[in-house]
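Any read-out appearing in this document is the output of simple, stated calculations on the displayed coordinates, not a laboratory observation. Only a predicted model underlies this, so the values are computations on that prediction, with no experimental measurement involved. Here the Cβ positions follow ideal geometry from the backbone for every residue, glycine too, while neighbour counts run over all protein chains shown.
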Amino acid sequence: MLHDIFINPFVDMASAPDFFVQLIWEGFVAGTLYALIALGFVLIYKASGVFNFAQGIMVVFAALTMVGLHALGIPAWIALFLTLGVMAILAIGIERVVLRPLVGQHDAILLMATIGLTLFLKGVGETVFGGEPKSMITEELGLPTGVTDFDILGGLVSLQHLDIAAVVIASLMVIALAIFFSKTRIGRALRAVADDHNAALSVGISLNQIWAIVWFAAGVVALVTGIMWGARSDVSFALEIIAFKALAVLILGGFTSIPGAIVGGLIIGIGEKLAEVYWGGLVGGGVEAWFAYVLALIFLLFRPQGLFGEKIIERV
Amino acid sequence: MFYREAGQFKTNYRDDQAIFPILQDRIGLGIIIAFAFIGVPLLANDFWMNSIMIPFLIWALAAVGLNILTGYSGQLSLGTGAFMGVGAYACYKLVTIFPDVNIIIHFFISGFFAAGIGILFGLPSLRIKGLYLAITTLAAQFFLEWSFIRIPWLYNYNDSGAIDSTTPKLFGLPIDPASGDPVHRYLIVLSIVVFLTWIASNVIRGRIGRSWMMIRDMDIAAELMGIRPLYAKLSAFAMSSYYCGVAGAMMVFLWLGSAEVESFDINKSFLVLFMVIIGGLGSLIGCFMGAFFIFVLPIIMRALPGFFNLGINAATMEHVTSVLIGSLIIAFLILEPHGFARLWQITKEKLRNWPFPYG
């Protein structure tokens, strides 16, 4: 038993390094997508202290809207911009209708409101676009679809071009967000709000406006995530369960840290792939379903603020 | 004017400590319980029993369980569905191992298994709270779901991976959902729910319940006053999971008849959380109102198109229901964040003074 846990998996890794590298790459791509979902959470949590349960469904909703608009005969790129418009309207709507009246309520109430929002968006998405899985309009958007095989480490490691594109686009978006946060006027206002609501209010920053912007930013992140995820599998509501994994990512990375979301996402993405393949057999497989949460649970016991989170977490 | 306690004097401590110190409350509750035990079985048909009354009571019991944890002790939990599952699987194992024992005893014992698992997953609550704790309960939810699939011993190695009620009998009468009389099942569920709710209301009023509320309101102050968070929090997790476990066991053996992992998935956890929030955090009567609202509303919604012959198909109606429930939850949170329980309180206050503007 101990032999199976501590020795055999590593022997397997060493004996088939090409497979190991392939797994790491797959985990890396999955981790990028977890990180993107977590990024949406962090943006909103930082600015408004709302734990946005609806981020996962926003991803599905954005992707569905785009595919649905394209199905109506609208060219892919215009559909993309129209979807951005829809996400902007959604952000303003959520701020007006849901957040503004609930300012200052208990955490649990705000969490419940976003769960309500999840149901709402799910229902709207299913009513308007239908509940069946749809394929993403990958080619129309000009995303590459080929495969490159690398002949290294005594075997083949194949990288989907789509996955490479996903990683590149995700990185570009994170860089863009970082520049937006540090160099622009709105970005500075956002950071001010994240630091201290009252102080930000007192220097004339409109909280309502900032919240709408943050929700829109989360909507943009959701759209990019939706396109990437949809291109890898299908656009379907099953993604919602995957979005829960982003919560575990948040624990690892800290609720308020963007680098934390990225590193946490990658750790979980790679970790669960390796755990599934090398250790999963010991417990009958299916480890991927809970690996992220149990890792988060263990992490909480030793470092509750996460890898990069703020030190001040209320501990008991 | 309908609800005045004038003239009801308390002359000893016993009266002072009664659960319902006001006569009108006692009469009202007596009428409701009498109606539930006698009136409902006479009036309701099989459909009402099977699809509304029995599940409503079971969900209400689960909501009471979650309310103990979230409403009274302030520990947010998203693992209710899994704890119900633990009760259900434990009961299934008990029934197959000891088939001759009275099924009601099995219900009560299976709750203890859920309580044990609840304590285990409640341990992180000693170090963290709030949303972080909610995520650790998510870990419980997904880990337990996985266990229900991957540990075949739990479902006796059968091929379907489902657990089913093995035609339990009580006093010689069949009470499984397939062949039993729904009225019998209803009465069993009702008795257990009333009994457990009565226990809960007394525990909450007592020393343990007060320690929960102290921890909820301010943990540091509670510690200073001699409450040990370890005992307070873990006892809340234990009792909450016990209730959820009994509800889960009854769900399989008295309502669904068979269940698999999907019967205890994360959506069930949300469902119960909705019931608690809509009903009112920290209120037992709220659990029942919330359970009724959240459980019965979708049934009515689904029945509506058939009723009016609107040519809407079932799938569309399902989606529209989801939209409406989502909006209703948001609307409720905005308009009355304290739920039905607060509305009920306001109504009582109004009844007290009506028709005069002031008492």
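Some points to look at:
- With Cα atoms, 0 to 90° folded angle of helix A:76-93 axis to chain A main axis: 50
- Total lysine pairs whose alpha carbons fall under 18 Å of each other in chain A (8 or more apart, or interchain): 4
- Residue-averaged beta-carbon neighbours from other chains (10 angstrom radius) around A:97-104: 3
- The packing ranking, built from the mean of other Cβ atoms within 10 Å per residue, places the peptides B:43-52, B:279-288, B:99-108, B:61-70 in the order B:61-70, B:279-288, B:99-108, B:43-52, highest first.
- Segment A:2-302 - Debye-derived log10 I(q)/I(0), Cα point model, q = 0.09, 0.10, 0.14, 0.17 Å⁻¹: -0.47, -0.58, -1.08, -1.46
- Structural size metrics of segment B:12-162, computed from C-alpha coordinates, are Rg and Dmax of 19.5, 62 Å.
- From most to least packed by mean Cβ count within 10 Å, the peptides A:268-279, B:114-125 give B:114-125, A:268-279.
- Residue-averaged beta-carbon neighbours from other chains (10 angstrom radius) around B:125-131: 6
- Only aspartates and glutamates eight or more places from B:K93 in sequence, or on another chain, were considered; those with a Cα closer than 12 Å are B:D164.
- Pairwise centroid distance, computed over Cα atoms, of segment A:198-262 with segment B:28-81, Å: 37
- Nearest 10 degrees, 0 to 90: helix A:107-129 Cα axis against chain A principal axis: 80
- Among B:235-245, A:160-170, A:115-125, sorting by the average number of other beta carbon atoms lying within 10 angstrom of each residue, highest first, gives B:235-245, A:115-125, A:160-170.
- Angle between chain A longest axis and helix A:161-183 axis [Cα atoms, degrees, rounded to 10]: 40
- Span-like helix ranges in chain B, DSSP H, alpha carbon extent 27 angstrom or more, Kyte mean at least 0.0: B:103-122, B:131-150, B:182-205, B:229-250, B:284-308, B:314-335
- For segment B:44-263, fraction of C-alpha pairs farther apart than 24 Å, in %: 42
- For B:Q75, the residues whose modelled amide H falls within less than 5 Å of its own, excluding neighbours fewer than 5 places apart on the same chain, are B:T70.
- Averaging 1/r over each pair of different alpha-carbon atoms in the protein assembly as shown and inverting the result gives 27.0 Å, the Kirkwood hydrodynamic radius.
- Averaged over the residues of B:328-339, the number of partner chain Cβ atoms lying within 10 Å of the residue Cβ comes to 5.
- Size-normalised alpha-carbon gyration radius of segment A:201-269, reference 2.2 N^0.38 Å: 1.36
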